[in-house]
Amino acid sequence: MKKLMLLAILAMVVVSCKNDDNGNDLCFEPTDVEANNIGPNSAKIEWDPGSETAFEVEYGLSGFNIGTGTRMQTSQVSLFIDGLTELTTYDAYVRSNCGSDGFSNYNSVTFTTLEPVNPCNTPTDLFLIEVTANTVEFGWQPNGETAFVVEYGPSGFQVGTGTEVATSDFSIVIDGLSPSTTYEFYVRANCGLNGLSEYSEQLVVTTDPN
């Protein structure tokens, strides 16, 4: 009889430990964790709080070990995360912080940041209008933009080190060139506060001989 009572007590202890491992009955975990408003460098993590009012969010590169990520505390039901790297996959874990009752289990979401979009349209379709021994006239499609920077130099020059000319026209005459010389021309849109667009495809032109 004593053996049976002892076995029963041991069984109750094992069941109790197993329930503890499954979570904190005094602190309920957030549900429906989602990542929204995802951008190149940020995301908004949202969740259903249930009956809880304080939360801890931990995030890091996908596959990181919990406890090694970036932790943030909040009393809101969403958290804006920035400073992320574009085109990178992250895991975000959310749990309730119940003070003296401890923490709940985690719920998580995995998301990938986006590729940045330049709000300044790149000029396209550069076309030659006229070439002489010392001048090149060419134009481009503005794609909705109104101010441009033309950069040019001898064939093979490194972009960013050439001669730049600003214009608000959709074509330009470049003079002072050398005869029988090959040049490369590029155009970028200048969008003011939105910065400069990407460089256009190059236009390669060889000036006429004298």
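The values are calculated or read from the model by the stated rules, or taken from the named source; none is laboratory data. All values derive from a computational prediction rather than experimental measurement. Here Cβ is always computed from backbone atoms with ideal geometry, including for glycine, and neighbour counts include all displayed protein chains.
The table that follows gives values for the structure above.
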quantity	calculated
Qualifying residues in region 126-173 (those that are of a type in the set (Ser, Thr, Tyr) and under 15 Å from Gln202 (Cα atoms)) - the one surrounded by the most Cβ atoms within 10 Å (Cβ to Cβ)	Tyr152
Leu203 surrounded by fewer than 12 Cβ atoms within 10 Å (Cβ to Cβ) and either in contact (Cβ under 8 Å) with a residue 60 or more places away in the chain or assigned by TED's automatic domain parsing to the domain that holds Thr146 (or both)	no
Residues within region 174-198 that are under 38 Å from the mean Cα position of the chain (by Cα), in a loop (DSSP other than H, G, I, E, B) and surrounded by fewer than 16 Cβ atoms within 10 Å (Cβ to Cβ), tallied	2
Hey, Asn210 touching a Pro at 6+ places or on another chain (Cβ under 9 Å), more than 18 Å from Pro142 (Cα to Cα), at pLDDT below 95 and exposed (fewer than 14 other Cβ atoms within 10 Å of the Cβ) or not	yes
Lone qualifier among Thr146, Thr112 - being among the β-branched types (Val, Ile, Thr) and farther than 30 Å from Ala92 by Cβ	Thr146
Tally of residues being surrounded by fewer than 17 Cβ atoms within 10 Å (Cβ to Cβ), closer than 23 Å to Glu115 by Cβ and touching a residue at least 60 places away in the same chain (Cβ under 8 Å) across region 21-37	1
Subset of region 119-140 (residues that are among the polar types (S, T, N, Q) and in contact with a Leu (Cβ under 9 Å, 6 or more places away or on another chain))	Thr132, Asn134, Thr135
Ala92 being modelled with pLDDT of 95 or more and surrounded by fewer than 20 Cβ atoms within 10 Å (Cβ to Cβ)	no
In region 161-172, residue farthest from the chain's Cα centre (by Cα) [restricted to those that are without any contact (Cβ under 8 Å) to a residue 40 or more places away in the chain and outside any loop (DSSP other than H, G, I, E, B)]	Ile172
Segments classed as strands (runs of 3 or more DSSP E), wholly inside region 113-160, with at least 1 members that are of a type in the set (S, T, N, Q) and touching a residue at least 40 places away in the same chain (Cβ under 8 Å)	124-131
Test result for Ser104, loosely packed, with under 14 Cβ neighbours inside 10 Å and more than 30 Å from Glu145 (Cβ to Cβ)	no
